[in-house]
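The values are calculated or read from the model by the stated rules, or taken from the named source; none is laboratory data. Worth saying up front: this structure is predicted, and the values here are computed from it rather than measured. Please note: Cβ atoms are built from the backbone with ideal geometry, for glycine as well, and neighbour counts cover all protein chains shown.
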């Protein structure tokens, strides 16, 4: 099985519990103080996203269960894509519950763009793109966008209280993850802001800016 296939299988299996990670429920809780810091920084990241100059047609790659889709759907005409339908089903329910709409389809983030759009977003996806393939993926992002379009992302910083306590610290950009009685080894890369800014500039983007919250997240954007 390839690394891409393992990653797809992992997120299909994890879909029913994925929101527990955002909400710090069950095995993702690290205690009152750490969970409060997490919630505050998650709110900070959402606020950052809401004030970005995003509009028109928006594509969200690797949309998962739609945590960020409910923000993006109020900013433009949203398409949500994921390699698995299991998380997309949850995303569609989340949008409907919020009175929002988006088009959705099963589509791998590595698939060649079929059109150009005004904005492209990824939540916690770049950290699954190996360093050796980062330029390849950013080239795909560039081809998604109209001139002047925006690419934006939110992703993970390395912190021992970010994932589940039974997830070992990643070694050599690979991480062992457990879902029930199954184990998966997947790419998990903690990029530094300057590293991503250089990669974005190298891919042909302009105005690349990547920042961090105090502990858990990095946020970034650039324009074509």
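Contact map, region 10-26: residues that are closer than 12 Å to residue 38 by Cα paired with residues that are at pLDDT 95 or above and outside any helix (DSSP H, G or I), Cβ distance under 7 Å, separation 6+ or inter-chain. Pairs shown: 22/67.
Against the numbered list (1) in contact with a strand residue (DSSP E or B) (Cβ under 8 Å, 6 or more places away or on another chain); (2) part of a loop (DSSP other than H, G, I, E, B), residue 214 comes up short only at (1).
Within region 140-163, the set of residues being more than 19 Å from residue 125 (Cβ to Cβ) and either in a strand (DSSP E or B) or touching a residue at least 24 places away in the same chain (Cβ under 8 Å) (or both) comprises 146, 147, 148, 161.
Anything in region 186-207 that is without any contact (Cβ under 8 Å) to a residue 40 or more places away in the chain and either surrounded by 20 or more Cβ atoms within 10 Å (Cβ to Cβ) or closer than 29 Å to residue 2 by Cβ (or both)? List them, or say none. Break it down into steps so the answer makes sense when it comes.
Step one: list which residues in region 186-207 are without any contact (Cβ under 8 Å) to a residue 40 or more places away in the chain, which gives 192-195, 197-198, 201, 206-207.
Those that are without any contact (Cβ under 8 Å) to a residue 40 or more places away in the chain and either surrounded by 20 or more Cβ atoms within 10 Å (Cβ to Cβ) or closer than 29 Å to residue 2 by Cβ (or both): 192, 195, 198.
Applying the selection to region 95-118, what residues are under 13 Å from residue 74 (Cβ atoms) and surrounded by 11 or more Cβ atoms within 10 Å (Cβ to Cβ)? Steps first, answer last, please.
Initially, region 95-118 is screened for residues under 13 Å from residue 74 (Cβ atoms), giving 95, 98-102.
Selection gives 95, 98, 100, 101, 102.
Looking at region 53-62, can you tell me whether even one residue there is within 13 Å of the chain's Cα centre (by Cα), crowded, with 21+ Cβ neighbours inside 10 Å and either at positive phi or assigned to a helix (DSSP H, G or I) (or both)? Yes, because at least one residue in region 53-62 is within 13 Å of the chain's Cα centre (by Cα), crowded, with 21+ Cβ neighbours inside 10 Å and either at positive phi or assigned to a helix (DSSP H, G or I) (or both).
Residues that are at pLDDT below 95, surrounded by 19 or more Cβ atoms within 10 Å (Cβ to Cβ) and either within 16 Å of the chain's Cα centre (by Cα) or more than 24 Å from residue 13 (Cβ to Cβ) (or both): does region 162-169 have at least one? Quick ask: steps written out before the conclusion?
Of region 162-169, the ones at pLDDT below 95 are 162-169.
When the remaining residues are screened for being surrounded by 19 or more Cβ atoms within 10 Å (Cβ to Cβ), the result is 163.
Right, trim to either within 16 Å of the chain's Cα centre (by Cα) or more than 24 Å from residue 13 (Cβ to Cβ) (or both) and you get 163.
Yes, some residue in region 162-169 is at pLDDT below 95, surrounded by 19 or more Cβ atoms within 10 Å (Cβ to Cβ) and either within 16 Å of the chain's Cα centre (by Cα) or more than 24 Å from residue 13 (Cβ to Cβ) (or both).
Residue 145 fulfils the conditions (1) surrounded by 19 or more Cβ atoms within 10 Å (Cβ to Cβ); (2) closer than 22 Å to residue 19 by Cβ; (3) touching a strand residue (DSSP E or B) at 6+ places or on another chain (Cβ under 7 Å) except for a single criterion, (2).
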